[in-house]
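The values are calculated or read from the model by the stated rules, or taken from the named source; none is laboratory data. As the structure is a computational prediction, the values presented were derived from the model and not from experiment. All Cβ positions, glycine included, derive from the backbone under ideal geometry; neighbour counts span all protein chains shown. Surface areas here come from the heavy atoms of the whole protein model, side chains and all, with no ligands, DNA or RNA. Shrake-Rupley method; radii C 1.70, N 1.55, O 1.52, S 1.80 Å.
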Amino acid sequence: MNALPGLLSSRDPGWTEWADVIVVGSGIAGLTAALRLRGQVERIAVVTKDVLAAGSTQWAQGGIAAALGPEDTPEQHEHDTLVAGAGACDPAAVRVLVTEGPDAVRELIEWGANFDKDPAGNLSLTREGGHHRDRIAHANGDATGAEIQRALIEAVKRAPEIMVFEHAMVVDLVTAADGGVAGLTIHVMGEGDADGVGLVRARAVVLASGGLGQVFSQTTNPAVSTADGMAIALRAGARLRDLEFVQFHPTVMYLGADSRGQQPLISEAVRGEGAFLVDWEGNRFMQGVHELADLAPRDIVSKAIMKRMLATGRPNMWLDARHLGLDAVSSEVGDRVDGEERAVVSRYWQRRFPTILASCRAHGVDPVTELIPVAPACHYASGGVHTDLWGRSSVPGLYATGEVACSGVHGANRLASNSLLEGLVFSRRIAAVLPGELRPLGEPVRHDGARGLVPGAALSEIQEVMTSRAGVLRNADGLAEAVELLGKLAVTEAEKIDPAAWETTNVLTVSLALAQAALLREETRGSHWREDFPERDDAHWAGHCDAVLADGASTVGFTASPATDGAR
């Protein structure tokens, strides 16, 4: 199939700028990279599709994981990460994450991030799924991401050497004669400083643009998460790895079968504080499924919820948090608290989970007195642009960090609250090597790839195809159908060149590669669940699926490597 564009159709650049380094994205990964590069390179540009605070970091509730507690160690954090990753993690990358993580969090505090403290003045640490220790640092109860984003934005505002392009969408990577980075074409929308499409020449590009949540009909990701960075890298010749490993968060608030777009997340930290899952009859169905029960790794909890939903014909399960904050907890569903106990629970929610409390109440559910309806929804891409331990991609001068990247840390299933830490640690590592690897300011060459664009109106159809055929539960027939339907959509030419069409083409490009990878991997591993191949199969599928794009066709191949979690 030769239908995917090698470049997005766009107007010719009407203005030009330059920078030593362009950072694409303004979440924890992007802003950390920019701040760390200060003083090492002359000109740094941060490009963000909305305002600085609009990315996924802002929405992170639970916290950031690191071995900061007196009884915790990096080795214990490493073990939990490898187990959650279901044999697909890169052990060297995990070791980097857990050993460099504590210092990275301390630097974040030095930059002004205010984390919650216990009465003794120490960091208040909690526990989430897959962790055997309390190691999740949080801020303002359940608004950790917002606090981190605030601190980083304030630090960037104090750094005049960092240029910021808000309301700016990257169209494509511009390459030099050797295939390496020469800059980016970007479109700055009406609110920006420089309207229209322009060329920003650069000696290096750091992708920190987030994930692919809008590939699916329901997601916890914001509307800007349209897989732009992954698609840009793929068109430029980079390799994408492990795309099939999409994490579906088990406890996303269920708003009805017709709800679309960003859905309210009920953080795993709520279960970490004692909430538990029940079915419609009040049965605690996670007990006996895993040693950690309701705090099992996310893939295990999501599968358990889906199995119970399929077995009972129900559209959702329930989260019971009506007892949080009480010293004596009754596990009997239906024992509703009232009077003084209800006031205690309410005060606890307002202190520990104010954001979730407000979100639930805004949707007509009071978690103090009612069960919360939940169902799995797309949450995080464990795969992405394949990088080495220093964030380098296969394209010279192109680096990637955070959710857009596949550093090897997450494997087949991300351990809770490791995502913010990954953005911190690997952005610091990029900043440590990039200045010494800066390329000359290259002359852009004209790309031979065919230009193209699918209509923006096709987005909902792509999302429906992916949700129904490549969502939580997958099989060969559905995935083959998805590949076929997406291929047909790829030949639909847009009549209008605009950001909606660019985003939709990016979503389609990555969706097709994801569906191909999911079809290729004939096993169940981590967040990849094949009902026709329900068991993990290390003999045939220990390793990684890699996607590349050439001559309009995306192809996926498999690279074998030993399982890394000690499972047999």
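What percent does the relative contact order of the range 171-269 come to when contacts are Cα pairs within less than 8 Å and at least six residues apart?
Values: 141 pairs, mean separation 20.8, N = 99.
Worked out over the range 171-269, it gives 21 percent.
Considering all projection directions equally, how large on average is the shadow of the alpha-carbon convex hull of the range 199-278, in square nanometres? Can you show the working numbers first?
Numbers: hull surface 32.4 nm².
Result: 8.1 nm².
So, for the chain, what is the accessible surface per residue at a probe of 1.4 Å, expressed in square angstrom?
Heavy-atom accessible area per residue stands at 36 Å².
Please report Rg (one decimal) and Dmax (integer) in Å for the Cα set of the range 46-111.
Cα radius of gyration and Dmax of the range 46-111 are 14.6, 42 Å respectively.
Given the alpha-carbon gyration tensor of the range 469-556, what are the semi-axes of its equivalent ellipsoid in whole angstrom, ordered largest first, with each equal to the square root of 5 times an eigenvalue?
Values: eigenvalues 157, 35, 22 Å².
For the range 469-556, the ellipsoid semi-axes come out as 28, 13, 11 Å.
Work out, step by step, the length gained on full extension between ASP538 and THR99: first 0.36 nm times the residue separation, then minus their alpha carbon distance; give nm to one decimal.
Numbers: separation 439, 0.36 × 439 = 158.04 nm, distance 2.80 nm.
Gain in length upon complete extension: 155.2 nm.
Over the range 180-332, what is the percentage of antiparallel beta bridges among all DSSP beta bridges, to the nearest 5?
Numbers: 10 of 13 bridges.
Taking every DSSP beta bridge within the range 180-332, about 75 percent pair in antiparallel fashion.
Mind listing which GluC sites (Glu not before Pro) in the range 225-283 are in a DSSP loop and have 13 or fewer other Cβ atoms within 10 Å? Mind showing how you got there, number by number?
Numbers: sites: GLU244, GLU268, GLU273, GLU281; in loops: GLU244, GLU273, GLU281.
Of the GluC sites (Glu not before Pro), the ones in loops of the range 225-283 whose Cβ has at most 13 other Cβ atoms within 10 Å are GLU281.
For the range 515-531, take each phi angle, set θ = phi - 60°, evaluate the Karplus expression 6.51 cos²θ - 1.76 cosθ + 1.60, and give the result in whole Hz per residue in order, putting x for glycine and proline.
Karplus values, whole Hz, x for Gly and Pro: 5, 5, 5, 5, 5, 5, 7, 9, 6, 10, 8, x, 7, 9, 10, 9, 5.
Where nothing but the Cβ of Lys and Arg (+1) and of Asp and Glu (-1) is charged, how large is the charge dipole of the chain around its Cα centre, in debye to the nearest 20?
Values: 50 positive and 74 negative charges, 96 e Å.
Roughly 460 debye for the chain.
To check you understand DSSP bridge types, tell me what percent of the beta bridges within the chain (both residues inside) are antiparallel, rounded to 5. Walk me through the numbers on the way to the answer.
Details: 45 of 74 bridges.
Expressed as a percentage, antiparallel bridges in the chain total about 60.
Considering the values [x] -0.54, -1.22; [y] -0.27, -1.14; [z] -0.39, -1.27, which represents log10 I(q)/I(0) by the Debye sum over Cα atoms at q = 0.06, 0.12 Å⁻¹ as calculated for the structure under consideration?
[y]
Loop-only GluC sites (Glu not before Pro) in the range 145-185, please: DSSP not H, G, I, E or B, and at most 15 other Cβ atoms within 10 Å. Can you show the working numbers first?
On the way: sites: GLU147, GLU154, GLU161, GLU166; in loops: GLU161, GLU166.
Here the GluC sites (Glu not before Pro) that fit, given the DSSP loop and packing criteria, are GLU161.
Within the range 266-407, what percent of beta bridges assigned by DSSP are antiparallel, to the nearest 5?
On the way: 7 of 10 bridges.
The antiparallel proportion sits near 70 percent.
Give the carbon-plus-sulfur fraction of the accessible surface of the chain in %, rounded to a whole number; probe 1.4 Å, heavy atoms of protein chains only.
Numbers: 10080 of 20570 Å².
Answer for the chain is 49 percent, counting heavy atoms of protein chains only.
Under a cut-off of 20 Å between alpha-carbon atoms, report the lysines in cross-link reach of LYS496, not counting same-chain residues fewer than 8 places apart.
Within the straight-line limit of under 20 Å, LYS496 reaches these lysines: LYS49, LYS488.
Calculate one ³J(HN,Hα) per residue across the range 208-218 by plugging θ = phi - 60° into the Karplus curve 6.51 cos²θ - 1.76 cosθ + 1.60, and present them in order as whole Hz with x for glycine and proline.
With coefficients 6.51, -1.76 and 1.60, one gets 9, 8, x, x, 10, x, 6, 5, 10, 5, 10 Hz.
Cα convex hull of the range 1-101: how many Å³ per residue?
Working: hull volume 21.2 nm³, N = 101.
Normalising the Cα hull of the range 1-101 by residue number yields 210 Å³.
With r defined as the distance between the Cβ atoms of HIS132 and LEU438 and R0 fixed at 60 Å, what FRET efficiency is calculated, to the nearest 0.05? Don't jump to the answer; show the numbers that get you there.
Details: r = 42 Å, r/R0 = 0.71.
So the FRET efficiency works out to roughly 0.90.
Remind me, what semi-axes does the range 85-176 give for its equivalent ellipsoid, largest first in whole Å, using sqrt of 5 times each Cα gyration tensor eigenvalue? Present the calculation step by step, with values, prior to reporting the outcome.
On the way: eigenvalues 168, 106, 34 Å².
Here the semi-axes work out to 29, 23, 13 Å.
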